[in-house]
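Student: Okay, handing you the structure first.
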Amino acid sequence: MSGRFGVLAGLGLGFCAAGLGLPVEAAPAPAWGTVALSTYTVSALEFSTYLQGEAWNPVLGTAGRYLVSPLGQFVAPLHLPQGASVQAVEVEGCDASASGSLTGSFFSAPSPAGSAVDLADFDTGVAATPGCALFPVTVSPPVTIDNEHNVYFLGLGNTPGDGTTFFVAVRVRYQLQVSNPPTTPDFNDVPTSHPFYREIEALFQAGITSGCGGGNFCPNNPLTRAQAAAFFAKALGLYWPN
């Protein structure tokens, strides 16, 4: 399908409508660390039409909605943490039409006011009728979120506009990352060859540690409870009284 940001073809949809008596995927708990995948879910209820006057209808009994306008488009912003690595996008919805499909894209737009860049696409196929399912697509290569210089958003489209194709949600799967280290060490005793150079530099650059004094980090010294408290409190931004 041709959308207003270009061709929307292949994000990898995933659909399940509770109102149709189908199983609904349980949302994973928020993940921490650099291995587990976190999930950011955008309900179809959060999407709006790209242009004023584009018509859409709800799917009663579900969180779904669909476009009535033949060339209409749903859009929604993405609010992901800086530095997150987007690994996959999954669309939840239904396609019971042999003459239409669900399509969409994951976009970035460089600041200021740059043109949209298509990062990943999905398409359920015009002739195919997969019904209600979850349609994942791998983002390859993974996209590292740079909120300072880009805006990220989703665009969705469906044909025909008779309710035989509709969206319920889009889920973005991402991993947290440790940033790349500087080329010049900030501590005398942690050279670039140190096995934990990247992690130690990340702590320093984030303001979580200033080392042990004298320009050193003392990487082999034991950590006291007081030092651990400082690390965690600064890293998590703890305690804001009401």
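The values are calculated or read from the model by the stated rules, or taken from the named source; none is laboratory data. What you see is a predicted model; the values in this text were computed from it and never measured. Here the Cβ positions follow ideal geometry from the backbone for every residue, glycine too, while neighbour counts run over all protein chains shown.
Student: Does residue 210 satisfy the condition of being polar (S, T, N, Q) and either assigned by TED's automatic domain parsing to the domain that holds residue 121 or under 30 Å from residue 41 (Cα atoms) (or both)?
Tutor: no
Student: Further, regarding this structure: So which residues in region 46-78 are closer than 28 Å to residue 176 by Cβ, in contact (Cβ under 8 Å) with a residue 40 or more places away in the chain and either in a loop (DSSP other than H, G, I, E, B) or of a type outside the set (A, V, I, L, M, F, W, C) (or both)?
Tutor: 47, 63, 77, 78
Student: If you don't mind, another one. Can we say residue 85 is of a type in the set (Ser, Thr, Tyr) and within 29 Å of residue 141 (Cα to Cα)?
Tutor: yes
Student: Condition (residue is modelled with pLDDT of 95 or more, charged (D, E, K, R) and assigned to a strand (DSSP E or B)) applied to region 180-200: is it met by at least one residue?
Tutor: no
Student: Any idea which residue in region 156-179 is nearest to residue 92 (Cα to Cα), counting only those that are polar (S, T, N, Q) and in a loop (DSSP other than H, G, I, E, B)?
Tutor: 164
Student: Every residue in region 97-130 that is loosely packed, with under 15 Cβ neighbours inside 10 Å and either in contact (Cβ under 8 Å) with a residue 60 or more places away in the chain or assigned to a strand (DSSP E or B) (or both), please.
Tutor: 99, 110
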